[in-house]
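Here's the structure, in structure tokens; my notes come after.
The values are calculated or read from the model by the stated rules, or taken from the named source; none is laboratory data. Here the structure is a predicted model, which means the values were calculated and not measured. For neighbour counting, all protein chains shown are included, and Cβ atoms are generated from backbone atoms with ideal geometry for every residue, glycine included.
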Amino acid sequence: MDINYSKEYEAIVEAYKKAGGNPEGLFNSEYASIVINNHDVLAKNEVPGLHISYSKIKDGVKVKISVEDDVQVKNPVHLCFGMLPREGRQIIDSDFYIGKRSKISFLAHCSFPDAEHIEHIMKSQVTLDEKAEMKYVEQHYHSESGGTFVYPKLSAKLGKGARLVEEFKLKNGRVGLLDIDYEVDQGPMSSCELLTKIFGKKDDKIDVKESIHLNGEYASGTAKSRLVMIDQASGNVLGEIEGNAAHSRGHIDCYEVVQDQGSIATSTPKISVTNPLSKVTHEAAIGRINKKELETLMARGLNEDDAVELIVNGLLR
Amino acid sequence: MLELKNIFYSVDNKDILEGLNLTVPDGEIYSIIGVNGTGKTTLAGIIMGLEGYKPDKGSIIFNGSDITDYSVTERAKLGITLAWQIPAFFEGVTVYEYLSLKDGNGKPEDYLDFVGLNPDKYLGRIIDESLSGGERKRIELASVLSVNPKLVILDEPDSGIDMASIDAIRNVIFSFKKAGASILLITHNEVMASMGDVVSLLCEGIIIKQGNPYEVSNYFKTYCYDCTSMDDPKCEDNEEAMIASVDNLSGKTTRK
């Protein structure tokens, strides 16, 4: 393991814990990991069949993670990204390549515990080779200032029979400004699930764009989003799926809760089919928390606030 | 235990309940039977105090206190609870969490055992559409059990479930009674209604007959199955039925 044990490292690990990360994954040599604070890599660990390289770029780090063919990475790879300073800009430009028939999962925790004005730009290029499987779960922990500006960009290409699961969760602290832009190009018999769960408060502004192009026969893709908006927060979801190949299937599932006067949610599904043997569907619901769910919990003795909290926690879990 | 006094309720000028009176005694099963659209579910909503179910007139008395203006939570804290005909789903909420809403005498696993569901299989399940109708109904009853209620309102507990689940649900209802709770059992099924110590027949917002399970269930089978409207009633004494209401204290049908 290559770790620069410093106060900075300890602080970022502490922030990582607050974001929900398990530090075991950073200290145990059986877990691949990389720890980045600001523009510096503080620690890195590889496991057999998985390679991590990096280089400095302006305002950030370029990271390359590749997995050889036929490798089943047993433990999730832990990615700890964050910025301890109050202000600044961080760019993490990452390339993921997962070899044929390999399987891997990532747990990424992004922490900005003292952010007053921080820009975090996460650009990911993902290539999954034939029958490769990748799960990427990204969880954020932000300060309460609202001064965090996060731009997660994903461009993924899925080979024949590949599978991608991408989850983005942000429910602790203020969102600030979040602009998600995901685009997935799917090959034959590949599958993709995009899942976004965000809790917006005060004047947080959230934009989510998820585009799936079903370009291979029998490809299937779903874009699912769960947003809860309170106070004056606004959420805007654009789900886009194109069915371009025979027997491909796509589905958009958007549920946004608007709990207070002043909070705003919009959902725009954009679905198209260019092959008559493809089928794409969508469902969307926006509004207050379902009355029946609320009253069921109240009929068991919970007050309204506690009932709302339980329902919201479930939705965003 | 529970008294409804002269309850009137209407929606868009359509009368749903018209001067309804009933008394659910302590520790008894009180069945309300009626065909679809007679006001049974409305009655459940009014007793539980759900949004949009405030009576236009009349009062609800629970253990001597007037609770007509109480909120749902306030009523629940007094021991009143409701199991809906079609229970709600809770995305992301586990059965364990759902059965741990109140610190009771038992544990979530005990409540599941009680309704015939294996805790090892169900405690970690999410309360969503992956559950069958029967499983969801049983979990709903386990949830009712978990809050140790004094009055349980069961709205069509047998609807949409298989025969095996019906037997389990009947056993749970009897065990509520054994534990000392009163049960208001709302159903359109005379077999289910016959579990009641008392059965009342609700027709277009009024109780037209009340008595022992055998008598009322037979009446229901004979006259209500083919009756689509009180404009064309099928019961033996049509005029009487139309104007009748029940004096619950005496248990006899009296004229208005």
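Return yes or no: is B:Y30 hydroxyl-bearing (S, T, Y), in contact (Cβ under 8 Å) with a residue 40 or more places away in the chain and away from every other protein chain (no Cβ under 14 Å)?
Judged against the criteria, B:Y30 is a match.
Check B:Y214 against each of (1) assigned to a helix (DSSP H, G or I); (2) in contact (Cβ under 8 Å) with a residue 24 or more places away in the chain and name the one condition it does not meet.
So B:Y214 meets the others, but not (2).
If I filter region A:152-172 down to residues being out of contact with any Cys (no Cβ under 7 Å at 6 or more places or on another chain) and among the hydrophobic types (A, V, I, L, M, F, W, C), which single residue comes out as farthest from A:S191 (Cα to Cα)? So that I can check it myself, show each step before the final result.
Taking region A:152-172 first, the residues out of contact with any Cys (no Cβ under 7 Å at 6 or more places or on another chain) are A:152-157, A:159-163, A:165-172.
Still in the list and also among the hydrophobic types (A, V, I, L, M, F, W, C): A:154, A:156, A:162, A:165, A:168, A:170.
Details: A:L154: 16, A:A156: 12, A:A162: 6, A:V165: 8, A:F168: 18, A:L170: 24 Å.
The qualifying residue farthest from A:S191 (Cα to Cα) is A:L170.
Taking the criterion of being crowded, with 18+ Cβ neighbours inside 10 Å, among the small types (G, A, S), more than 8 Å from chain A (Cβ to nearest Cβ) and outside any loop (DSSP other than H, G, I, E, B), would at least one residue in region B:78-88 satisfy it?
Checked region B:78-88: at least one residue is crowded, with 18+ Cβ neighbours inside 10 Å, among the small types (G, A, S), more than 8 Å from chain A (Cβ to nearest Cβ) and outside any loop (DSSP other than H, G, I, E, B).
Mind listing whichever residues of region B:151-187 are crowded, with 20+ Cβ neighbours inside 10 Å and assigned to a loop (DSSP other than H, G, I, E, B)?
Passing the criteria: B:E156, B:P157, B:D158, B:A181.
Test A:I289 against the criterion of being within 30 Å of B:T81 (Cα to Cα) and of a type in the set (V, I, T), and give yes or no.
Values: within 30 Å of B:T81 (Cα to Cα): yes; of a type in the set (V, I, T): yes.
Taking the combined requirement at face value, the residue satisfies it.
Out of everything in region A:10-54 that is among the aromatic types (F, W, Y) and touching a helix residue (DSSP H, G or I) at 6+ places or on another chain (Cβ under 9 Å), what residue ends up being nearest to A:H109 (Cα to Cα)? Quick ask: steps written out before the conclusion?
Filtering region A:10-54 down to residues among the aromatic types (F, W, Y) leaves A:16, A:27, A:31, A:54.
From what is left, the residues that are touching a helix residue (DSSP H, G or I) at 6+ places or on another chain (Cβ under 9 Å) are A:16, A:27, A:31.
Values: A:Y16: 6, A:F27: 15, A:Y31: 15 Å.
Among residues in region A:10-54 that are among the aromatic types (F, W, Y) and touching a helix residue (DSSP H, G or I) at 6+ places or on another chain (Cβ under 9 Å), the one nearest to A:H109 (Cα to Cα) is A:Y16.
For region A:150-159, give me each residue that is under 20 Å from A:H213 (Cα atoms) and part of a strand (DSSP E or B).
A:P152, A:K153, A:L154, A:S155, A:A156, A:K157, A:L158
Note down all Cβ pairs under 7 Å where the first residue falls in region A:4-23 and is surrounded by fewer than 16 Cβ atoms within 10 Å (Cβ to Cβ), the second is among the small types (G, A, S) and at pLDDT 75 or above, and they're at least six residues apart or on different chains.
A:N4/A:A43; A:K18/A:S111
For residues that are at pLDDT 95 or above and surrounded by fewer than 18 Cβ atoms within 10 Å (Cβ to Cβ), tally how many sit in region A:33-53.
Total meeting the criteria: 5.
If I filter region B:144-165 down to residues being at pLDDT below 90 and over 18 Å from B:L112 (Cβ atoms), which single residue comes out as farthest from the other protein chains (Cβ to nearest Cβ)?
Within region B:144-165, the match that is farthest from the other protein chains (Cβ to nearest Cβ) is B:M163.
Of all residues in region B:179-192, count the ones that are free of Cβ contacts under 8 Å to residues at least 60 places away in the same chain and under 20 Å from B:P25 (Cβ atoms).
Number satisfying all stated conditions: 1.
List the residue pairs whose Cβ atoms are under 6 Å apart, where the first residue sits in region B:158-178 and is free of Cβ contacts under 8 Å to residues at least 60 places away in the same chain, the second is in a loop (DSSP other than H, G, I, E, B), and the two are 6 or more positions apart or on different chains.
From residues that are free of Cβ contacts under 8 Å to residues at least 60 places away in the same chain, the pairs are B:D158/B:N189; B:I166/B:D158; B:A168/B:G116; B:I169/B:P157; B:V172/B:V115.
Taking B:K209 as meeting all but one of (1) more than 17 Å from the chain's Cα centre (by Cα); (2) in a loop (DSSP other than H, G, I, E, B), write down the number of the exception.
Looking at each condition in turn, B:K209 falls short on (2).
Quick check: anything in region A:277-289 within 14 Å of chain B (Cβ to nearest Cβ), more than 22 Å from A:V137 (Cα to Cα) and not charged (D, E, K, R)?
Yes, region A:277-289 has at least one match.
In region B:119-133, what residues are modelled with pLDDT under 95 and not aliphatic (A, V, I, L, M)?
Those that are modelled with pLDDT under 95 and not aliphatic (A, V, I, L, M): B:D128, B:E129, B:S130, B:S132, B:G133.
I'd like to check which strands (runs of 3 or more DSSP E) are fully inside region A:160-265 and have at least 3 residues that are in contact (Cβ under 8 Å) with a residue 60 or more places away in the chain and buried (at least 21 other Cβ atoms within 10 Å of the Cβ).
The strands (runs of 3 or more DSSP E) meeting that bar are A:191-200.
If you go through region B:23-49, how many residues are hydrophobic (A, V, I, L, M, F, W, C), farther than 23 Å from B:S175 by Cβ and crowded, with 22+ Cβ neighbours inside 10 Å?
Total meeting the criteria: 2.
Conditions: (1) under 22 Å from the mean Cα position of the chain (by Cα); (2) within 14 Å of chain B (Cβ to nearest Cβ). A:S234 meets all but one. Number of the miss?
Result: A:S234 passes all but (2).
Going by the structure shown, is A:I91 surrounded by fewer than 23 Cβ atoms within 10 Å (Cβ to Cβ), hydrophobic (A, V, I, L, M, F, W, C), under 20 Å from the mean Cα position of the chain (by Cα) and part of a strand (DSSP E or B)?
Spelling it out, A:I91 is indeed surrounded by fewer than 23 Cβ atoms within 10 Å (Cβ to Cβ), hydrophobic (A, V, I, L, M, F, W, C), under 20 Å from the mean Cα position of the chain (by Cα) and part of a strand (DSSP E or B).
Quick check on this structure: which one of B:V198, B:V191 is surrounded by fewer than 22 Cβ atoms within 10 Å (Cβ to Cβ) and farther than 27 Å from B:K5 by Cα?
B:V191
With respect to B:R136, is the statement that it is outside any loop (DSSP other than H, G, I, E, B), modelled with pLDDT under 95, surrounded by 15 or more Cβ atoms within 10 Å (Cβ to Cβ) and within 12 Å of another protein chain (Cβ to nearest Cβ) true?
Criteria met by B:R136.
Answer yes or no: is there a residue in region B:55-68 that is away from chain A (no Cβ under 14 Å), assigned to a loop (DSSP other than H, G, I, E, B) and closer than 19 Å to B:I186 by Cβ.
yes
Please pick out the residue among B:E91, B:E74, B:E18 that is surrounded by fewer than 18 Cβ atoms within 10 Å (Cβ to Cβ), of a type outside the set (S, T, N, Q) and more than 14 Å from chain A (Cβ to nearest Cβ). If you could, list the steps in order and put the result at the bottom.
Working: B:E91 fails: more than 14 Å from chain A (Cβ to nearest Cβ); B:E74 fails: more than 14 Å from chain A (Cβ to nearest Cβ).
One residue alone meets the criteria, B:E18.
For region A:143-190, give me the residue count where each residue is modelled with pLDDT of 95 or more, within 17 Å of A:G235 (Cα to Cα) and in contact with a Pro (Cβ under 9 Å, 6 or more places away or on another chain).
6
Per-residue answers, yes or no, for (1) of a type outside the set (A, V, I, L, M, F, W, C); (2) at the interface with another protein chain (Cβ under 9 Å from one of its Cβ atoms); (3) at positive phi:
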| residue | (1), (2), (3) |
| --- | --- |
| A:Q261 | yes, no, no |
| A:I271 | no, no, no |
| A:L310 | no, yes, no |
| A:L315 | no, yes, no |
